[in-house]
Amino acid sequence: MKLVKKFLLGLTAVALAAALVSCDGLLNKPIGGVTEAQEEDDDVAVDGAVNGEMITGQASNAKINVTNNEDKILREVNPLLTKHYGSRAKIVQEEIDETKAKGMMGYAFNVTKKTDEDTKAVTYDLSIVGATMYKGVPCTYISVFRNISKLNDSNLGATKAHVYKAADYEDFLKDTEPCECEIVALPVANSKATKNLEHYAYDEEAKTFTVCINVTAEENGSYTIEYYNPKDVLKENGSWISSLALKKVTDIDKYTIPASVTGYTKKTQAGLGVYANVYGNQSLKGSWRLSGIKGEAEVAEFED
């Protein structure tokens, strides 16, 4: 898959990634929790329904069907109640328009809430992997957000001065005060992004775009993001194949968020959820199926 040059013209890799995630929105109420560790896709058990303004349903079948009549981008992140080590996600965007992009769909992982002992100020860390189609061409990115305090701010509060490439993360560490920042782990313009989204399915007749992504927390504190060909990992009913069968799939591309960026020194449970960006004056319709959720059902204390 070759990324459209017109899409990238005049934009740096970092600026492009920031543009795709810059928006207004909020972290909504949790959408429900996995009642037990699930290593198989079928019959994923979740408690409760999605409580977001745009995203509805359950983790095993969340949906969006929204028209944004404003010029600004609308964003929504909905975390599960449970902490996790990772998950598989099938993301389907419907009513694709080959002449433009309507929005970004993806999911959030490594969502953690932090409270300062002295000031009681609450901040969040989270990572986002997203995908969309722009003029008939699939695009993806991965970004890590740190010390986010106002989740309804443009780009989650990370200013242009605090948007870093993963390789330049040491610049962030040199700041005298913790800042709200974005670490661009995989920019849209990166050649890896082009390779990764060779693994997608676009139904030209149905106008649907499907991606299958797996996120895993590793023993050394890093995260592995895997892109699969939907034709290799989805059953006829659209659910994922079993974990045992998944291990036999070889047509796969991987990207690693290193421990130096995650801040972990060991495998750590954190929040997981789904997210969407609806671009200005556009409609976004699609669905998520989270499954194979790894980790114990430990309740994460998210604010309403």
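The values are calculated or read from the model by the stated rules, or taken from the named source; none is laboratory data. Just so it is clear, the model here is predicted, and its values are computed rather than measured. Glycine also receives a Cβ, built like all others from the backbone with ideal geometry; neighbour counts cover every protein chain displayed. In case anyone asks, the SASA skips ligands and DNA or RNA and just uses the protein heavy atoms, side chains included. Shrake-Rupley method; radii C 1.70, N 1.55, O 1.52, S 1.80 Å.
Would you mind checking which residues have amide H under 5 Å from GLU53's amide H? H placed 1.01 Å from N; only 5 or more apart, or other chain.
Here the answer is none, since no amide H 5 or more places off falls under 5 Å of that of GLU53.
Through the Karplus equation 6.51 cos²θ - 1.76 cosθ + 1.60, θ set to phi - 60°, convert the phi angles of region 160-169 into ³J(HN,Hα) values in whole Hz; use x for Gly and Pro.
4, 6, 10, 10, 10, 6, 4, 5, 9, 4
Could you give each residue of region 134-146 its phi-based ³J(HN,Hα) in whole Hz, using Karplus coefficients 6.51, -1.76, 1.60 with θ = phi - 60°, and x for Gly or Pro?
Values, residue by residue: 10, 6, x, 10, x, 9, 9, 7, 9, 10, 10, 10, 10 Hz.
Whose amide H sits under 5 Å from the amide H of ALA101, counting only residues 5 or more places off or on another chain, with H placed in the peptide plane?
LYS135
Counting only protein heavy atoms, what percent of the accessible surface of region 210-299 is carbon or sulfur at a 1.4 Å probe?
For region 210-299, the apolar C and S fraction of the accessible surface comes to 47 percent.
Ordered by packing density, taken as the mean number of other Cβ atoms within 10 Å over each peptide's residues, highest first, how do 138-148, 213-223, 85-95 rank?
Those peptides, ordered most packed to least, come out 138-148, 85-95, 213-223.
Using a probe radius of 1.4 Å on heavy atoms only, what accessible surface per residue do you get for region 200-304? Whole Å² is fine.
45 Å²
Out of the total accessible area of region 86-132 (probe 1.4 Å, heavy atoms of protein only), what percent is carbon and sulfur?
44 percent
How large is the accessible surface per residue of region 63-108, computed with a 1.4 Å probe and reported in Å² as a whole number?
Here the residues of region 63-108 average 36 Å² of exposed surface.
Considering amide H positions built from the backbone, and no H for Pro or chain starts, which residues 5 or more places from TYR107, or on another chain, come under 5 Å of its amide H?
VAL129, TYR275
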